Number of protein chains: 2
Amino acid sequence: MNSVIETILNHRSQRSFLPRPLSNEQIKMIVESAQAASTSSFIQAYSIIGITNPDKKRALAELAGSQTYVEENGHLMIFCADLYRHTMVGEIESRNLKESLESTEKFMVASIDAALAAQNAAIAAESMGLGICYIGGIRNNLPEVCKILKTPERVIPLFGMVFGYPDQVNDKKPRLPIEHVYMEEEYEQDKEVYTEQLESYNRTISEYYKERTGGKRADTWTSQMADMLSAGRRMYMKAFIEEKGLNRK
Amino acid sequence: MNSVIETILNHRSQRSFLPRPLSNEQIKMIVESAQAASTSSFIQAYSIIGITNPDKKRALAELAGSQTYVEENGHLMIFCADLYRHTMVGEIESRNLKESLESTEKFMVASIDAALAAQNAAIAAESMGLGICYIGGIRNNLPEVCKILKTPERVIPLFGMVFGYPDQVNDKKPRLPIEHVYMEEEYEQDKEVYTEQLESYNRTISEYYKERTGGKRADTWTSQMADMLSAGRRMYMKAFIEEKGLNRK
């Protein structure tokens, strides 16, 4: 195993940091790494906004569900799907790009572009000994987040990422069985096999919690997921994104 | 600069491979790396389908726009946003998860999850000396791709990735200026600054093409993008994804 794969496999979300900011050189290296990711037909449909202002960080942390680590970290970046840039391209080139920019296809392209860049940022940061955590919580209230970041039309903040010097090492939760996530030639057709894989994973997760809590907790993955998914969350999203000029047609 | 960042910055899309398949060990390491990526609230809403059958590869290559490298490579994987798994969770746990699973929010979560996993796969493969290329072309015709892969409801193949031993080294195209992609505290408010950044990038890209083609080609980035975006592409996407039970509400 080489050191790159070692870094990748060693990932865990870091939610507690020493009070030490990233240097400008570190931030630059992280952003350059993000930019080196593949981008669909060279479209580069994302932007990253770095936040250091403490008031802004506090406001974003509150919106994200009062997670202290959104405020207390070495740096915070917000990754945005960005087709405002291409709206400007239309202006610069005097071309009507509306049909394309409003499509679900292009919203997917921009979201995927942003995610590929973000994962490069994550790996780059971890290779420098930093810890990271994705902050999906900013999607609790995107209208407010957009106000804070002053984003124009066709820019959707997808998630944040906090960076910093870890002050403790977390456990790694076991992932789904590899044969469940990676299928050969076609999607698993046998519902029994599929279900048994999930049940086997339930046993793994249950054991994991039991061990960590001295038997106090033993929930399964499917029960966790069912709880999480039993009520619609962030149901404003569809209308909000359409209002911003994306995912419309 | 450490070897991880070196690998990341050294990325270029690889479209021509030696006729040598990946080993099972390589594939396993790539998938394990993919699985190590962050996943929103542990939802793990993606699947990867590995294709080795030559007829299937040929069919997928044709659908993706007759790109030979989709057929001729060391391995092909298809990355899918997958909420069928969570549809099964609803069945297993006897819970109604429909509202949540049909939301735009969860479609975003699944797409981002898949993209984070894919970028880990890309970096892992490149760290082993392999080349990769993302294949967005499979979205030309997702109904046919879904038939070939026999995917159930709530599974959307987002893109493919080809892997293999590179038989030539490509150039790296210069990315947008870092200060254009990475903003501080808020989105760039000055339209003139924004436009000048794009125009400066146009000069960079134009120079890049001139140098590579001995002056024959000198297009700018904004003109390329305007051409690409001037007609809607894959406009079936919105209806197709809704029909599959995602991005509905």
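Here are a few things to note about the model shown:
Residues checked against (1) in a loop (DSSP other than H, G, I, E, B); (2) under 23 Å from B:Lys150 (Cβ atoms); (3) modelled with pLDDT under 95:
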{"position": "B:Asn73", "(1), (2), (3)": "yes, yes, no"}
{"position": "B:Ala81", "(1), (2), (3)": "no, yes, no"}
{"position": "B:Thr87", "(1), (2), (3)": "no, yes, no"}
{"position": "B:Glu99", "(1), (2), (3)": "no, no, no"}
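- Residues (more than 9 Å from chain B (Cβ to nearest Cβ) and in a helix (DSSP H, G or I)) located in region A:206-238: A:Ser206, A:Glu207, A:Tyr208, A:Tyr209, A:Lys210, A:Glu211, A:Arg212, A:Thr213
- Within region A:37-46, the set of residues being facing chain B (nearest Cβ under 7 Å) and open to solvent by 10 Å² or more (accessible area, probe 1.4 Å) comprises A:Ser38, A:Ser40, A:Ser41, A:Phe42.
- From the list A:Arg203, A:Arg212, the lone residue that is touching a residue at least 40 places away in the same chain (Cβ under 8 Å) and charged (D, E, K, R) is A:Arg212.
- A:Arg95 being part of a loop (DSSP other than H, G, I, E, B), of a type in the set (Lys, Arg), out of contact with any Lys or Arg (no Cβ under 7 Å at 6 or more places or on another chain) and under 30 Å from A:Arg154 (Cβ atoms): yes
- Of the set (1) in the same structural domain as B:Ser111 (by TED's automatic domain parsing); (2) surrounded by 18 or more Cβ atoms within 10 Å (Cβ to Cβ), all apply to B:Ala239 but (2).
- Some residue of region B:130-141 being part of a loop (DSSP other than H, G, I, E, B) and over 17 Å from B:Ile49 (Cα atoms): yes
- Number of residues in region A:128-150 that are small (Gly, Ala, Ser), crowded, with 24+ Cβ neighbours inside 10 Å and within 8 Å of chain B (Cβ to nearest Cβ) equals 0.
- Criterion (at the interface with chain A (Cβ under 8 Å from one of its Cβ atoms), without any contact (Cβ under 8 Å) to a residue 60 or more places away in the chain and open to solvent by 10 Å² or more (accessible area, probe 1.4 Å)) met by exactly one of B:Glu93, B:Glu105: B:Glu93
- Failed item in (1) assigned to a helix (DSSP H, G or I); (2) away from chain B (no Cβ under 11 Å), with A:Glu32 passing the rest: (2)
- Number of positions in region B:151-182 that are outside any loop (DSSP other than H, G, I, E, B), at the interface with chain A (Cβ under 8 Å from one of its Cβ atoms) and open to solvent by 10 Å² or more (accessible area, probe 1.4 Å): 2
- Here B:Ser100 meets each of (1) in contact (Cβ under 8 Å) with a residue 40 or more places away in the chain; (2) crowded, with 20+ Cβ neighbours inside 10 Å with one exception, condition (1).
- Search result, residues across region B:62-71 that are assigned to a helix (DSSP H, G or I) and free of Cβ contacts under 8 Å to residues at least 12 places away in the same chain: B:Glu62, B:Thr68
- Where B:Lys57 falls short, out of the listed (1) open to solvent by less than 30 Å² (accessible area, probe 1.4 Å); (2) not in a helix (DSSP H, G or I): (2)
- Within region A:3-36, considering residues that are hydroxyl-bearing (Ser, Thr, Tyr) and open to solvent by 10 Å² or more (accessible area, probe 1.4 Å), the one farthest from B:Thr7 (Cα to Cα): A:Ser16
- Residue match in region B:37-53 (condition: assigned by TED's automatic domain parsing to the domain that holds B:Pro143 and more than 23 Å from A:Tyr194 (Cβ to Cβ)): yes
- Scanning region A:183-198 for residues that are at the interface with chain B (Cβ under 9 Å from one of its Cβ atoms) and open to solvent by 70 Å² or more (accessible area, probe 1.4 Å) yields A:Glu184, A:Gln189, A:Lys191.
The values are calculated or read from the model by the stated rules, or taken from the named source; none is laboratory data. None of these values were measured; they are calculated from a predicted model. Please note: Cβ atoms are built from the backbone with ideal geometry, for glycine as well, and neighbour counts cover all protein chains shown. Surface accessibility is based on the protein's heavy atoms, side chains included, excluding ligands, DNA and RNA. Shrake-Rupley method; radii C 1.70, N 1.55, O 1.52, S 1.80 Å.
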